[in-house]
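Notes follow once the structure below has been shown.
The values are calculated or read from the model by the stated rules, or taken from the named source; none is laboratory data. Quick caveat, the model's predicted, so the values are computed rather than measured. Cβ placement follows ideal geometry from the backbone for every residue including glycine, while neighbour counts extend to all protein chains displayed.
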Amino acid sequence: MKDGLFVTLDRSSFIPHPSSFVAKLKPQVRLLSFISLLNDSASEMIYPLLPVFLTSVLGATPVTIGVIEGAADGLASILKLVAGSISDRLPHRKPLVVAGYALAAASRALIAVAGRWPTVFTARLIDRTGKGIRSAPRDAIIADVTPPAERGHAFGFQRAFDHTGAVIGPLLALFFLNLLHVPMRTLFMIAVIPGAIGVVMLVLFLKEEPRKSRASEGPALNASVPLPSRFWLAITAVALFSLANSSDAFLILQAHASGVSTAMLPALWAAHHVIKSLFSTRAGALSDRVDRRLLLVAGWSCYALIYVIFPFARSLRFFVALFVLYAIPFTLSEGAERAWISDLVPAEGRGKSFGIYYLANGLCVLAGTILFGEIYQHIAPRAAFWTGAGLALAAAAAVMIVPRRRS
């Protein structure tokens, strides 16, 4: 039951019923979710090790890491706007999705042969170019095939599979590094394989209903669909949180600087994603039944609390607990956030709206990551984390300014 900001939840809100839950989803949603799992398992074999690889092997500084991650995400966000807008005017969004995942797979081979940090920078730009091309069209496909009352469920399911891949990836990294004693560079090359399999599956199995092409109406970026004011208010709140949500590479770097061994970093990252994979589908579906804004406020406030505590961690157990708790903000907000955006815009502007959403997110992450790196290196880690916490609380307050969606 929902009345204003007050919600009543029964026990079934979080008790999974897997077969009936998945059966509601369209085949495109299930396939794209599985491709996310494959791609993220490949990506997360590398990501927890990349900050250490950059600093210990290639001689990069924390500010360099901030520039690499922020610039890569900023590029992805710009391309998401372009790709999302173009996809609204094409009969099929699939080619953009396939090309995006193919670039991501290719970028991992370049990291494996990098001799200097600028090569890793280039590889990250290629990887994020792929993400920029695929993300908005992929999310638009999910929204296209899913009824509005089930979009939180669909986006939560996709995020759950994405995070399941982020569990599998670090565990594979632990297996190869600790049991088989594979060199780090060889591990990076192995990470090419899951992504390549995903590209082949997309080409063969992704079926998309053709839509009327609007290319004749003019260049994709000139003819625009008006977006309502409540959408722009929502984007403002997302942008504020993105300033707080700097690269997670700093959390890994902080854990390593506090004594966590390189071999245990993938385990920390896997623990973080276990929680996301277990509960993202349920949290997304919950947002279909309650005010989505409530989940965003709860998630972003929880993020702020964890950032306040993070600089005080000194033991492996403390970091394990924090990385597990750090999953909660994203479990609550990721599916709800994407469904919220799709609720606020007309269907013909869906790709464009997701592009704007990702653009605002990425550019603010770029600014926030560079800001965090500067404060972390030149003032104190504690000051950097507390700045992020303050921005997250401001974002949570801004969410409630956005009017509720009318049925």
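Quick notes
- In the condition set (1) at positive phi; (2) under 18 Å from the mean Cα position of the chain (by Cα), Gly259 is compliant with all but (2).
Okay, residues lined up against (1) buried (at least 22 other Cβ atoms within 10 Å of the Cβ); (2) free of Cβ contacts under 8 Å to residues at least 40 places away in the same chain:
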| residue | (1), (2) |
| --- | --- |
| Leu58 | no, no |
| Val63 | no, no |
| Glu69 | yes, no |
| Ala72 | yes, no |
| Leu79 | yes, no |
| Gly84 | yes, no |
| Arg89 | no, no |
| His92 | no, no |
| Gly100 | yes, yes |
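- Scan of the stretch 67-93 for residues that are closer than 19 Å to Ala239 by Cα and β-branched (Val, Ile, Thr), ordered by number: Val67, Ile78, Val82
- Out of Ala149, Ala109, Ala160, Ala154, sole residue that is aliphatic (A, V, I, L, M), in a helix (DSSP H, G or I), over 26 Å from Ala336 (Cβ atoms) and touching a residue at least 60 places away in the same chain (Cβ under 8 Å): Ala109
- The stretch 271-318 - residue that is over 28 Å from Trp340 (Cα atoms) and either assigned to a helix (DSSP H, G or I) or among the basic types (Lys, Arg) (or both) and, of those, nearest to the chain's Cα centre (by Cα): Phe310
- For the stretch 72-110, filtered to residues that are of a type in the set (Lys, Arg) and under 23 Å from Val145 (Cα atoms), the residue that is farthest from the chain's Cα centre (by Cα) is Arg89.
- So Phe310, is it within 21 Å of Thr387 (Cβ to Cβ) and either among the small types (Gly, Ala, Ser) or surrounded by 20 or more Cβ atoms within 10 Å (Cβ to Cβ) (or both): yes
- Residues of the stretch 283-298 that turn out to be crowded, with 22+ Cβ neighbours inside 10 Å, farther than 30 Å from Leu50 by Cβ and touching a Ser or Thr at 6+ places or on another chain (Cβ under 8 Å), as a count: 2
- Count - residues of the stretch 171-228 that are at pLDDT 75 or above, among the basic types (Lys, Arg) and not in a helix (DSSP H, G or I): 1
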